[in-house]
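Values quoted throughout were computed directly from the atomic coordinates according to the rules given, and no laboratory measurement underlies them. These numbers were taken from a predicted model, which means no experiment stands behind them. Because the Cβ atoms are built from the backbone with ideal geometry, glycine has one as well, and the counts that use them run over all protein chains shown.
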Amino acid sequence: MSTTETAIASAEAHSAHNYHPLPVVVASAEGAWMTDVEGRRYLDLLAGYSALNFGHGNRRLIDAAKAQLDRVTLTSRAFFHDRFADFCTELAALCGMETVLPMNTGAEAVETAVKTARKWGYRVKGVPDGMAKIIVASDNFHGRTTTIVSFSTDPEARADFGPYTPGFEIVPYGDLTAMREAMTENTVAVLIEPIQGEAGVLVPPAGYLPGVRELTRERNVLFVADEIQSGLGRTGKTFALDHEGVVPDVYVLGKALGGGVVPVSAVVSSAEVLGVFRPGEHGSTFGGNPLACAVALEVIAMLRTGEYQARAAELGDHLHRELGLLTGGGAVEAVRGRGLWAGVDIAPALGTGREISEKLMERGVLVKDTHGSTIRIAPPLVISKEDLDWGLDRLRAVLGA
Ligand SMILES: Cc1ncc(COP(=O)(O)O)c(C=O)c1O
């Protein structure tokens, strides 16, 4: 057996099979490139589902982490530490908000947002106890906890994990009328992704997100934007909602906030909304730890310059122009997305998304399929135009285009 086969067999023998990875075993990575255990190089067009917006081994982020490792890594929230205030202040400023509640993973931040909205509903809006409703969209992906899968419409994510948490109303994504009809006086929040990543990089119809903003404001309902995958530069702006001039009541952030170095997530909102929490009502041992804060502070500083957003916008235009050309030739049925983020529906006759991903892997390009014949392209924002073109050449070759 090759080194790769041995490593995969051993991993398969001793890990739960809750993933179906491509058969590549990565040993090191830098920028947009990964190297496997046999020295083969691959262009990373997934970027850890957008957790690696700033690339592998980003010098600024690694240096910030190393410096913090030598000082203090964890205090728990039983004490303050000297990176916490800066992290909260800077992240709130980046979001144009006042208050930050740090967690670790995306799913935890979504759970935190759900708890925030419910408590705000009872304590501020005056919803009767136990009656709070949150409206979510079909084909959503907000994480894997039992509450979150309770309002998933994906049978794979949901089946066999009941009993399910009540209190959620599912309406079709992009349908403002359905959302308006689903709203009652007990609705406390609308929780949506401004662009649905896992669903295949679905961009809602023009006017939908401003419509959600107007409707939620009118009905005293919190607009909770899950920007875990769409935020922090990916679409060419700091937040996907920025494209629509929309400011939500609550941002839910994760992935790139930890720079691909440590898990960092957060709920960011007004002092009124996050002010509903009292000591003991919510928390996390690792949430807001010094190492996480040090890395995230560097991420925020990088985003404050605007250079990564500009790069995503410029290279994103190029990516979408090139992918657009493929739709004319029959190999690609549709391309969606914004900035350096694309969902590409391959003509089913050419293979499943998985088969296309495997063929790309053989040519040194790593992507991830999602649902049927769709592949997702989301390279690190630091990718060079030459490397992106190199990857696109391989895609064209695999599609015979
Ligand atoms: C929009 C969105 N929300 C939440 C999550 C969950 O994040 P995590 O995997 O860090 O729990 C994801 C992960 O893919 C996501 O894309």
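Worth a mention:
- Euclidean distance between Cα centres, region 131-189 to region 209-223, Å: 17
- Aspartates and glutamates with Cα under 20 Å of Lys385, excluding same-chain neighbours fewer than 8 positions away: Glu30, Asp44, Glu307, Glu314, Asp317, Glu322, Asp393
- Shown for the chain are the DSSP H helices of 18 Å or more along their axis, judged by Cα atoms, with a mean Kyte-Doolittle hydropathy of at least 0.0: 290-304.
- Local charge for Ala93 was computed over the other residues whose Cβ lies under 13 Å away, with Lys and Arg +1 and Asp and Glu -1, and equals -2.
- Nearby lysines by direct alpha-carbon distance to Lys359 (threshold 20 angstrom, same-chain neighbours under 8 apart not counted): Lys368
- Estimated from helices alone, the mean residue ellipticity of the chain at 222 nm is -11000 deg cm²/dmol (sum of -39500 (n - 2.57) over DSSP H runs with n ≥ 4, per residue).
- Residue-wise HN-Hα couplings along region 159-173, as the Karplus relation 6.51 cos²θ - 1.76 cosθ + 1.60 with θ = phi - 60° gives them from phi, are 4, 6, 10, x, x, 8, 6, x, x, 10, 10, 9, 10, x, 5 Hz; Gly and Pro carry x.
- Under the Karplus curve 6.51 cos²θ - 1.76 cosθ + 1.60, θ = phi - 60°, whole-Hz ³J(HN,Hα) for region 134-141, x wherever Gly or Pro sits: 10, 8, 10, 9, 4, 6, 5, 9
- Label point distance in nm, Thr327-Asp129, each placed 7 Å from Cα along Cα→Cβ: 5.3
- Scanning residues 5 or more positions from Phe168 or on other chains, those with amide H under 5 Å from its amide H are Ile134, with H placed 1.01 Å from N in the peptide plane.
- Longest DSSP-loop-exposure-free segment, GluC sites (Glu not before Pro), the chain, at most 14 other Cβ within 10 Å: 39-184
- Of Lys115/Lys255; Lys133/Lys237; Lys66/Lys255; Lys133/Lys255, those spanning more than 23 Å from alpha-carbon to alpha-carbon: Lys133/Lys237; Lys133/Lys255
- Per residue, the convex hull spanned by the alpha carbons of the chain comes to 150 Å³.
- The value given for region 1-127 is a Kirkwood hydrodynamic radius of 18.9 Å, derived from the mean inverse Cα-Cα separation.
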